[in-house]
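The values are calculated or read from the model by the stated rules, or taken from the named source; none is laboratory data. The model shown is predicted, which means the values in this text are computed figures rather than measured ones. All Cβ positions, even for glycine, are placed from backbone atoms using ideal geometry, and neighbour counts span all protein chains on display. SASA here: full protein model, heavy atoms, side chains in, ligands and nucleic acids out. Shrake-Rupley method; radii C 1.70, N 1.55, O 1.52, S 1.80 Å.
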Amino acid sequence: MADSKPDTGRYAARGVSATKGEVHAAVDKLDQGLFPGAFCKIVPDVLTGDPAKCNLIHADGSGTKSLIAYLHFRETGEAGIFRGIAQDSIVMNIDDLLCVGATGPILINSTVNRNARAFPGNALAELINGTEEFLATLREYGVNIVSGGGETADVGDVTDTVTVDSCAVAVMDRDKVITGENIVPGLSIIGISSAGQASYESFVNSGIGSNGLTSARHELLSPYYREKYPETYDKATPADLVYCGPYKLEDLLPDGDGMTVGQALLSPTRTYAPIVAKLLGDHRESVRGLVHCSGGGQGKCLRFGRNVHFIKNQLLPIPPVFKAIQHASQTPWKEMYQVFNMGHRLEVYCSPQDTDTLLEVIRSFGVEAAVVGRTEKSEQPDARNHLTIFHGEEMLTYSL
């Protein structure tokens, strides 16, 4: 169950929550903004006072993925690996904003907390340059996003290595907001792949994104890293859950078509911004809802819409990186779907008659997509949302 009870399983044993039950228990009691049920909180336009507009602000980051880049940097001296971490931090903000229909203008600000002794100036320069390079790429594909600068804090007393976070601000028309209230029974669910290579990408993506990297890192990487880099893990974590995997970063990923484990774990998080900008530009009326399968994995959808039974019975193939994590750790598949995106990181909710049109647009970017499921009326006595995932012959169930 994805509920407010304490998380259990290997992910929780590492001090991380897939469901963020404690967080939701606190923030769900606060003011929900202009559009309760929207993917992001939306407030009146306090910046200009325009009653027809609204403001959004979103903060997120690359999470513990920066630690994998740190390991790679310390092992190889290649500071350029941090360009991908800059992308991870930005995408985790803007792709959440996409889910309420905000495709620009967007103002992004970055914050880097570092231990300067462990994370020197050349690595910092790559982060900064990577940010500017990625924003320029987004603008080439029709996403109006600019940098508002940032902050670098040398805080070695509180940060052993480096953390990379961003904050995004947008102003948009209220009548263009997409809310979760439009996710109702009777819709089709289109899943857009997190793996492969989009036309706007210069690399093949493993699909890992920036969620669940605490488990991915420890489940795949060997005790070598525990012994050599003790600054990269929480000493309160049980020893048998710290870097307990079979691989080093340079080892080949099983069935990964030549991709190494390090390349798989460090694949920069794909943004769906060019795709969503095109969808909303040409077919906004057909898009009933958007869900970014980030924190909570495939269970993220449970927090949106009302009286909905989400059925995902035709999921895209599971990318090799997730299969390798599960095989190495023997993590139950139910937990895997709660922690990782498992193959698609963005869902489009639409009427069944609109699926072919939307799929044609999505696939024009070279990205795999398919109708992965549907919505039906909730079967719960209290009409709460619930989710059924079909994993082979196994039926996995989740609810709030």
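Of all the residues that make up segment 288-314, how many are of a type in the set (Phe, Trp, Tyr) and out of contact with any Phe, Trp or Tyr (no Cβ under 9 Å at 6 or more places or on another chain)? Number of matching residues: 0.
Tell me whether segment 295-306 contains one or more residues that are open to solvent by less than 10 Å² (accessible area, probe 1.4 Å), within 30 Å of Thr76 (Cα to Cα), in contact (Cβ under 8 Å) with a residue 40 or more places away in the chain and touching a Leu at 6+ places or on another chain (Cβ under 6 Å). Within segment 295-306, not a single residue is open to solvent by less than 10 Å² (accessible area, probe 1.4 Å), within 30 Å of Thr76 (Cα to Cα), in contact (Cβ under 8 Å) with a residue 40 or more places away in the chain and touching a Leu at 6+ places or on another chain (Cβ under 6 Å). Every test in (1) open to solvent by less than 10 Å² (accessible area, probe 1.4 Å); (2) touching a residue at least 60 places away in the same chain (Cβ under 8 Å) is passed by Thr137 save one, and that test is (1).
Report, by residue number, each residue of segment 31-71 that is under 30 Å from Leu265 (Cβ atoms), open to solvent by less than 20 Å² (accessible area, probe 1.4 Å) and in contact with a strand residue (DSSP E or B) (Cβ under 7 Å, 6 or more places away or on another chain). Residues satisfying the conditions are Cys40, Gly61, Ser62, Ser66, Tyr70.
When every residue of segment 315-329 is checked against the conditions, none turns out to be modelled with pLDDT of 95 or more, in contact with a helix residue (DSSP H, G or I) (Cβ under 6 Å, 6 or more places away or on another chain), in a loop (DSSP other than H, G, I, E, B) and under 22 Å from Glu379 (Cα atoms). Against the numbered list (1) closer than 22 Å to Gln338 by Cα; (2) of a type in the set (Gly, Ala, Ser); (3) loosely packed, with under 15 Cβ neighbours inside 10 Å, Gly245 comes up short only at (3).
Criterion applied to Gly196, Gly191 was being small (Gly, Ala, Ser), open to solvent by 20 Å² or more (accessible area, probe 1.4 Å) and touching a residue at least 12 places away in the same chain (Cβ under 8 Å), and the one residue passing it is Gly196.
Answer yes or no as to whether Tyr11 is within 30 Å of Ala118 (Cβ to Cβ), outside any loop (DSSP other than H, G, I, E, B) and at pLDDT below 90.
So Tyr11 passes the test.
Of the residues making up segment 37-73, those that are over 29 Å from Gly212 (Cα atoms), not charged (D, E, K, R) and not in a loop (DSSP other than H, G, I, E, B) are Val43, Pro44, Cys54, Asn55.
The residues on offer are Gly281, Gly289, and the sole one that is open to solvent by 10 Å² or more (accessible area, probe 1.4 Å) and of a type in the set (Gly, Ala, Ser) is Gly281. Does Gly148 fit the bill of being in a loop (DSSP other than H, G, I, E, B) and open to solvent by less than 50 Å² (accessible area, probe 1.4 Å)? It is false that Gly148 is in a loop (DSSP other than H, G, I, E, B) and open to solvent by less than 50 Å² (accessible area, probe 1.4 Å).
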